[in-house]
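Have a look at the structure below, then the notes.
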Amino acid sequence: MSPVRRGKELPIYNRLPVLRAERGMTRAALADAVEVNPQTIGALERGDHYPSLDLAFRICAVFDLPVEAVFSREPFTPLSTQVYREGGA
Amino acid sequence: MTEQPGRLAAYWERQLDKMEEAEQKRARKLPGWRTRKHRRTLVVVLVLADLALVTGATRFETDPKWVFPAFWLSGLVVGGFAFITLRILTGRMSGSFSRLLDEREREWRHRVTYIGYQALSYLMLIAMFYGLFGAGTAGRGAMMLSALLVTGTTIPAIVLGWSLPDDDPEDFEEGMENA
């Protein structure tokens, strides 16, 4: 887990794996785009690290999405379910 | 006068680029060893080597004369190997300038250097009390100080090596098909 102490009740979930997969991006490519090391993208995806606000904004800029579409306090439902069952997007 | 800082800054940037390249190459070395199990094995070896240095320091200037050099030589050789290998396996967090680290790596760096600093402070206190009350000779006190100083400097690598998870091969994938 991230070495910084945080409240256990306040995790930050993200959709990085699915957003990367949609765009055919490797972790290395995303890492290059946001100027971090690829292991940090892996740590974000595994929930081992929570991003700073700066990094979160940089990631959102790469996907051209608002922060709430990429990061959430609640677990994300699968994107396909959200699009086809709930009439989203 | 105005060009000098610019040249220095450009030189420094070039050096950082070279270091970054070297770090990227180092991140791919010893791929079979990039697991927590292997790192922890090296940590145990390094701790044993540190203990050999400390034990050797207590035998300085005592009979039989071969004991001190045997402990120190083996401690330095084995510990040196384990330390350098751990530096390679723990990546830029243990060796690079902060400028080359991202936010996650800086958090790790801050954590392990803080632990290392605290531990080194206690080890220096132990060395001081050993020198004052337990060493018997100034030479033995000095050797204990050296042994504990070396031990203290290895603690950040020990903490990192013990704590870091297995490397994920996906972190190093270059290409990806768009399915």
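Nothing in this text is a laboratory measurement; each read-out follows from the coordinates by a stated rule. None of these values were measured; they are calculated from a predicted model. Positions of Cβ are backbone-derived with ideal geometry, glycine not excepted, and every protein chain shown enters the neighbour counts.
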Lys/Arg +1, Asp/Glu -1 at C-beta; the protein assembly as shown dipole; positive extreme among B:Thr85, B:Gly6, B:Leu100: B:Thr85
Expected vector for segment B:104-110, Karplus 3J(HN,Hα) from phi with 6.51, -1.76, 1.60 and θ = phi - 60°, integer Hz, x for Gly and Pro, equals 5, 5, 5, 4, 4, 4, 4
Exercise: per-residue mean of other protein chain Cβ atoms within 10 Å, A:22-32: 3
Longest principal axis of chain B (C-alpha) makes with the long axis of helix B:3-26 (C-alpha) an angle, in degrees to the nearest 10, of 80 degrees
Computed log₁₀ I(q)/I(0) - Debye formula, equal Cα scatterers, no solvent, segment B:1-119, q 0.17, 0.18, 0.23 Å⁻¹: -0.96, -1.01, -1.26
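Nearest 500 deg cm²/dmol is fine: what mean residue ellipticity at 222 nm does the protein assembly as shown get from its DSSP H runs of n ≥ 4 alone, each adding -39,500 (n - 2.57), divided by its residue count?
On the way: 12 runs with 173 residues, N = 268.
After summing the helix terms and dividing by the residues of the protein assembly as shown, the value is -21000 deg cm²/dmol.
Given Cβ point charges of +1 (Lys, Arg) and -1 (Asp, Glu) and nothing else, what value in debye, to the nearest 20, does the dipole of segment B:1-129 about its Cα centre take? Don't jump to the answer; show the numbers that get you there.
Numbers: 21 positive and 13 negative charges, 116 e Å.
That gives a dipole near 560 debye.
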Helix B:138-163 sits off the longest principal axis of the Cα atoms of chain B, rounded to the nearest 10 on a 0 to 90 degree scale, by 30 degrees
Cβ charges +1 (Lys, Arg) and -1 (Asp, Glu), total dipole of the protein assembly as shown, debye: 960 debye
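Tell me, what is the Rg over Rh of chain A, with Rh the Kirkwood radius over Cα pairs? All intermediate terms of the calculation are to be shown ahead of the outcome.
Values: Rg = 13.2 Å, Rh = 13.7 Å.
Here Rg/Rh amounts to 0.96.
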Could you tell me, in Å, what Rg and Dmax come out for the Cα atoms of the protein assembly as shown? 23.9, 84
Work from the charge dipole of segment B:30-98 (Cβ charges, +1 for Lys and Arg, -1 for Asp and Glu, about the Cα centre) and give the residue of B:Thr35, B:Trp72, B:Gly56 farthest towards its positive end. B:Thr35
About its Cα centre, how strong a charge dipole does segment A:37-89 have in debye, to the nearest 20, once Lys and Arg get +1 and Asp and Glu get -1 at the Cβ? 60 debye
